[in-house]
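Structure record follows, encoded as structure tokens.
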Number of protein chains: 2
Amino acid sequence: MRTDYEIELCKLFGKNLVRVRRDRLWSQERLALESGLARSYVGDVERGLRNISLVNICRFADALGVDVSELTAFRQVSDLQGANSEHSDKET
Amino acid sequence: MRTDYEIELCKLFGKNLVRVRRDRLWSQERLALESGLARSYVGDVERGLRNISLVNICRFADALGVDVSELTAFRQVSDLQGANSEHSDKET
């Protein structure tokens, strides 16, 4: 089961991905095509349902033509301190 | 099997993590303790052997007291274009 910390992070990442994609006026289909990832996967990530891996973060960044750090600039360090007490699935 | 693209990205991320950790004069043991992740896992990530997930990137960032985007600021968009032609394990 996912902790609040994990759910919140995945949602924040997804929202930021939506923002960057829409800045380019791209559809999810276009992002899927350009990144080589499935359209359903793009949708899941944007809704915060997936704990995306580094490599796929980079695939999205490359497709969108942005630095990886732009896709991960979705919060400040202090934003989630309250939700940072519980951890699970630590090695994934 | 991991592609050159994946291997390179994981290595770059690992090197950058080492840099940030050493800036704080922390050992791998200290980072493991502060992040709640295993020492062996920290070592694997730093050697580029793991395709780390978003949630664990955030755990390291929180432990180190840096923004997630600092841990992922390990390259420029154009650095890996040559290695970006092959993809596998796309949905992980």
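Here, each number is a calculation from the coordinates, and none is a lab measurement. None of the values given here were measured: they were computed from a predicted structure. Positions of Cβ are backbone-derived with ideal geometry, glycine not excepted, and every protein chain shown enters the neighbour counts.
Remarks
- Counted residues, segment A:46-64 - those being facing chain B (nearest Cβ under 9 Å) and either polar (S, T, N, Q) or over 17 Å from A:E29 (Cβ atoms) (or both): 11
Listed here are the residues, each with its yes/no results for (1) touching a helix residue (DSSP H, G or I) at 6+ places or on another chain (Cβ under 7 Å); (2) within 9 Å of another protein chain (Cβ to nearest Cβ); (3) surrounded by fewer than 17 Cβ atoms within 10 Å (Cβ to Cβ); (4) not in a loop (DSSP other than H, G, I, E, B).
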| position | (1), (2), (3), (4) |
| --- | --- |
| A:M1 | no, no, yes, no |
| A:Y5 | yes, yes, no, yes |
| A:L9 | yes, yes, no, yes |
| A:K15 | no, no, yes, yes |
| A:R19 | no, no, yes, yes |
| A:A32 | yes, no, no, yes |
| A:L37 | yes, yes, no, no |
| A:D44 | no, no, yes, yes |
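- Pairs with Cβ under 8 Å, 6+ apart, first in segment A:57-76 and on the phi < 0 side of the Ramachandran plot, second of a type in the set (D, E, K, R) and assigned to a helix (DSSP H, G or I): A:A61/A:E70; A:A63/A:E34; A:L64/A:R21; A:L64/A:E34; A:S69/B:E70; A:F74/A:K15
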